[in-house]
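Working notes for the structure below.
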Amino acid sequence: MDKRLIDKLKIDCDVVFTYLVEFLRQEITKTGLVRAVLGLSGGIDSAVVAYLAKEALGKENVYAILMPYKLSSKESVEDALKVVEDTGINHKIFEITAPADAYIEQFEQMDKLRKGNVFARMRMITLFDHSSLYKALVVGTSNKTELLLGYGTWYGDMASSLNPIGDLYKNQIYQLARYLGVPESIIKKKPSADLWVGQSDEDELGFTYDEADVVLYHLYDLNCTVDEVVGLGFSEKLVKGIADRVRRNQFKRLPPIIAKISKRTINIDFRYLRDWGL
């Protein structure tokens with residue numbers, strides 16, 4: 001792939017950092033709260049969010065919850081603890097093995113995908129319960145690439161109260177991570193949701209994040225056609241496959257559809273800003 005295509009994704013990290021810190025500070029404090037809870041996986045996305053939240057709210061107001069399963073890699077926990085040590089934020093290790101297995105054991109057979117969804121949703125149960133405990137908001141850690149591709153668990157890792165990195169492609173997350181001083185072991189390792197042994201994002205997707213980012217950027221930021229993106233040097237199968245995946249996963253990016261009966265139906269006509277009334 002032509003390096004000039006990747007260069008189009010370059011961001012001004014100074015500007016993005018300042019904006020996202022203020023975004024977190026304003027969107028959390030306007031609710032009357034001052035604390036944030038996030039799931040810290042040992043991956044690059046949650047690491048970046050931890051650094052941003054610490055800067056926005058102060059280390060004493062950020063609670064990182066590490067939620068390994070019995071098959072999770074030890075390196076993931078070790079990398080998450082490096083972020084905790086570097087930022088000084090609060091943390092708790094809550095292993096989800098017992099509650100997840102209590103559900104999984106009700107079924108004679110459960111494939112990896114279903115189990116992965118159980119783990120992701122069990123983690124979100126844990127985060128939202130801790131948000132109540134700490135009187136905090138759950139800060140999301142899904143990036144733009146994942147959200148567009150639908151590469152995440154609906155009401156699992158895709159759920160949150162607010163998300164500072166949802167408009168940054170994976171390549172841009174790496175840029176911001178280096179700017180923030182995220183530990184090298186996190187930056188250099190293969191992206192993985194750590195939902196099962198040996199799981200790798202790019203192996204599961206069937207293409208690299210750089211390929212996805214460039215294709216998605218041209219399709220949806222620049223409004224190029226599929227043919228125009230193919231003309232940049234990508235295979236038609238790849239571009240059409242990514243575009244189809246974005247369309248098929250649109251339901252994950254929307255609130256639940258409500259059947260319209262009245263004149264002012266919620267989410268159709270009754271549309272106010274998220275912080276209306278605060």
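The values are calculated or read from the model by the stated rules, or taken from the named source; none is laboratory data. Everything numeric here is computed off the predicted structure, so don't read it as measured data. As a convention, Cβ positions derive from the backbone with ideal geometry for all residues, glycine included, and neighbour counts pool all protein chains shown.
The selection criterion, being at pLDDT 95 or above and crowded, with 21+ Cβ neighbours inside 10 Å, does not hold for G58.
Out of contact with any helix residue (DSSP H, G or I) (no Cβ under 9 Å at 6 or more places or on another chain) and not hydroxyl-bearing (S, T, Y): which single residue out of D86, D45, D7, D14 fits that description? From the options D86, D45, D7, D14, the qualifying one is D7. If the condition is being surrounded by 13 or more Cβ atoms within 10 Å (Cβ to Cβ) and either within 23 Å of the chain's Cα centre (by Cα) or outside any helix (DSSP H, G or I) (or both), then region 222-234 contributes C224, L232, F234. Of the numbered criteria (1) in contact (Cβ under 8 Å) with a residue 24 or more places away in the chain; (2) crowded, with 20+ Cβ neighbours inside 10 Å; (3) under 20 Å from L254 (Cβ atoms); (4) small (G, A, S), the one S160 fails is (1). Scanning region 101-123 for residues that are in contact with a Ser or Thr (Cβ under 8 Å, 6 or more places away or on another chain) and surrounded by fewer than 22 Cβ atoms within 10 Å (Cβ to Cβ) turns up G116, N117, R121. For K3, the criteria (1) within 30 Å of H218 (Cβ to Cβ); (2) under 15 Å from the mean Cα position of the chain (by Cα) hold in every case but one, which is (2). In region 100-111, the residues that are touching a residue at least 12 places away in the same chain (Cβ under 8 Å) reach residues that are outside any helix (DSSP H, G or I) with C-beta atoms within less than 7 angstrom, at least six apart or across chains, in these pairs: A100/Y69; I104/M110. When the criteria are applied in full, R274 fails the requirement of being basic (K, R), surrounded by 10 or more Cβ atoms within 10 Å (Cβ to Cβ) and either under 30 Å from I6 (Cα atoms) or in contact with a Gly (Cβ under 7 Å, 6 or more places away or on another chain) (or both).
Of the residues making up region 67-76, those that are of a type outside the set (A, V, I, L, M, F, W, C) and assigned to a loop (DSSP other than H, G, I, E, B) are P68, Y69, K70, S72, S73. Scanning region 1-40 for residues that are assigned to a loop (DSSP other than H, G, I, E, B) and among the polar types (S, T, N, Q) yields a count of 1.
Every condition in (1) touching a residue at least 60 places away in the same chain (Cβ under 8 Å); (2) out of contact with any Pro (no Cβ under 8 Å at 6 or more places or on another chain); (3) of a type outside the set (A, V, I, L, M, F, W, C); (4) in a helix (DSSP H, G or I) holds for D79 except the one numbered (2). Could you list, in sequence order, all residues of region 88-117 that are touching a Phe, Trp or Tyr at 6+ places or on another chain (Cβ under 6 Å), of a type in the set (V, I, T) and part of a helix (DSSP H, G or I)? The one that is touching a Phe, Trp or Tyr at 6+ places or on another chain (Cβ under 6 Å), of a type in the set (V, I, T) and part of a helix (DSSP H, G or I): T97. If I filter region 163-191 down to residues being of a type in the set (S, T, N, Q) and more than 13 Å from T145 (Cα to Cα), which single residue comes out as surrounded by the most Cβ atoms within 10 Å (Cβ to Cβ)? Once the filter is applied, the top-ranked residue is N163.
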